[in-house]
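Below is one structure, written out as structure tokens; comments come after it.
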Amino acid sequence: MTVVGPFGLSVRDKALETDVQAALAAVEAGLLEATKSEVPFITEAAQHLVRAGGKRFRPLLVMLASRFGDPYAPGIVPSAVVVELTHLATLYHDDVMDEADVRRGVESSNARWGNSVAVLTGDFLFARASHILADLGPQAVRVQAEAFERLVTGQILETAGPRDGRDPVEHYLDVIAGKTGSLIAVSGRFGAMMSGADESVVDILTQYGERLGTAFQLADDVLDIASDSHESGKTPGTDLREGIPTLPVLRLREMAAQGGDPEDLALVRLLDGDLTDDVRHADALARLRVHPALEQARRDTVRYAEEARATLAPLPDCSAKSALVELCDAVVHRAG
């Protein structure tokens with residue numbers, strides 16, 4: 001049993017383990033090749049986050065989904081490079097919008113080179129992803145375009161906030177289905193589609209990716225509150241400091257509105273204040289870490305992971321299916 005991919009996923013089938021490791025190595029090489037430029041500075045900026053590492057969660061999902069068809073089909077590794085490049089591009093843009101200083105344990109691109117370079121580097125990565133995608137055929141281009149539209153829509157909805165009368169939790173779940181679930185769904189879709197799997201299998205793995213993606217983001221929300229920087233690779237409470245209403249905060253507001261507990265209301269007032277102040281930020285983070293709202297967010301994470309697991313039921317039993325089930329467990333463990 002060898003550990004591969006994100007979260008220490010253990011693969012018990014030697015052939016699957018070997019193939020996945022080789023495919024992920026090919027993806028890594030593809031990422032470095034795709035981020036090269038004739039301009040050395042562009043190469044440095046574009047490879048900044050590639051070389052910082054990362055979980056490579058999306059490429060791993062592409063590889064596991066491909067096991068339900070021909071896992072050696074020529075479009076599989078390039079499609080995994082496409083989804084990871086797209087993901088990396090969004091991180092450059094996210095760091096600008098969030099004014100983040102740290103990403104994946106290293107200085108963020110905007111902190112190092114400024115916002116303009118970070119935005120343009122993200123655009124460069126989108127362009128390189130599109131170049132690779134063009135060789136995968138019109139259906140792949142359409143799938144990626146639809147997912148990218150959902151991703152951007154999710155980001156806009158997050159920025160705009162819920163419309164009057166809309167439940168903030170429901171709004172937020174829609175936001176992350178677009179921002180995170182869409183690209184992880186494409187990872188499952190590309191892996192199955194490029195391998196020539198049956199359309200029913202493609203649909204199952206797309207739905208699986210959508211639900212797992214939501215669980216994945218909810219786990220990140222929990223980690224932003226509950227972890228230290230060593231665990232998460234970024235500064236704890238970054239979303240909190242920037243006033244981004246992630247699920248633990250939304251659950252707190254919901255509890256405060258329904259119950260009217262004075263301590264809950266006091267914590268909400270603290271969150272509504274200036275959290276750029278380090279003392280106030282540390283106080284808010286410490287109080288949220290022991291609040292029932294954080295545990296409710298964990299339960300929400302588990303629910304989506306269990307829904308992802310349930311979608312796999314029609315698939316034939318095999319090592320790849322077992323690994324996909326284990327991914328559900330791994331996402332929950334991150335939020336545990």
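One table, with the values for the structure above:
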quantity	calculated
Residue tally, condition open to solvent by less than 20 Å² (accessible area, probe 1.4 Å), assigned to a helix (DSSP H, G or I), under 20 Å from residue 141 (Cβ atoms) and at pLDDT 95 or above, over the range 62-90	12
Unique match (being at pLDDT 95 or above and more than 13 Å from residue 45 (Cβ to Cβ)) among 93, 131	131
Near pairs, Cβ below 6 angstrom, 6+ apart or cross-chain, from the range 167-191 (without any contact (Cβ under 8 Å) to a residue 40 or more places away in the chain) to any residue that is of a type in the set (D, E, K, R)	175/158; 178/150; 181/210; 182/150; 185/210
Which numbered condition residue 212 fails, given (1) assigned to a helix (DSSP H, G or I); (2) open to solvent by 30 Å² or more (accessible area, probe 1.4 Å)	(2)
Among (1) modelled with pLDDT under 85; (2) farther than 21 Å from residue 186 by Cβ; (3) open to solvent by less than 30 Å² (accessible area, probe 1.4 Å) - the single one residue 2 does not satisfy	(3)
Candidate set: the range 281-320, residues that are under 18 Å from residue 251 (Cα atoms) and part of a loop (DSSP other than H, G, I, E, B); chosen: the one most open to solvent (accessible area, probe 1.4 Å)	290
Tabulated pairs, the range 59-83, first more than 8 Å from residue 191 (Cβ to Cβ), second open to solvent by 10 Å² or more (accessible area, probe 1.4 Å) and among the basic types (Lys, Arg), C-beta under 8 angstrom, 6+ apart or interchain	83/58
Search result, residues across the range 223-251 that are in contact with a Lys or Arg (Cβ under 7 Å, 6 or more places away or on another chain) and either open to solvent by 20 Å² or more (accessible area, probe 1.4 Å) or modelled with pLDDT of 80 or more (or both)	223, 225, 226, 234
Listing of helices (runs of 4 or more DSSP H) fully contained in the range 216-278 that carry 3 or more residues being more than 22 Å from residue 162 (Cβ to Cβ)	229-232, 262-272
Residue, nearest to residue 126 (Cα to Cα), within the range 174-222, restricted to residues that are modelled with pLDDT of 95 or more and basic (Lys, Arg)	189
Of all residues in the range 321-332 being surrounded by fewer than 18 Cβ atoms within 10 Å (Cβ to Cβ) and in contact (Cβ under 8 Å) with a residue 24 or more places away in the chain, the one that is nearest to residue 173 (Cα to Cα)	329
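Yes/no per residue for (1) acidic (Asp, Glu); (2) touching a Gly at 6+ places or on another chain (Cβ under 6 Å); (3) within 23 Å of residue 293 (Cα to Cα):
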site	(1), (2), (3)
190	no, no, no
198	yes, no, no
201	no, no, no
228	yes, no, yes
239	yes, no, yes
259	no, no, yes
263	yes, no, yes
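The values are calculated or read from the model by the stated rules, or taken from the named source; none is laboratory data. The shown structure was predicted, so the numbers you read here are calculated from the model rather than taken from an experiment. Methodologically, a virtual Cβ is constructed for each residue, glycine included, from the backbone with ideal geometry; neighbour enumeration extends over all protein chains shown. Please note that ligands, DNA and RNA were not included when accessible areas were found on the heavy atoms of the full protein model with its side chains. Shrake-Rupley method; radii C 1.70, N 1.55, O 1.52, S 1.80 Å.
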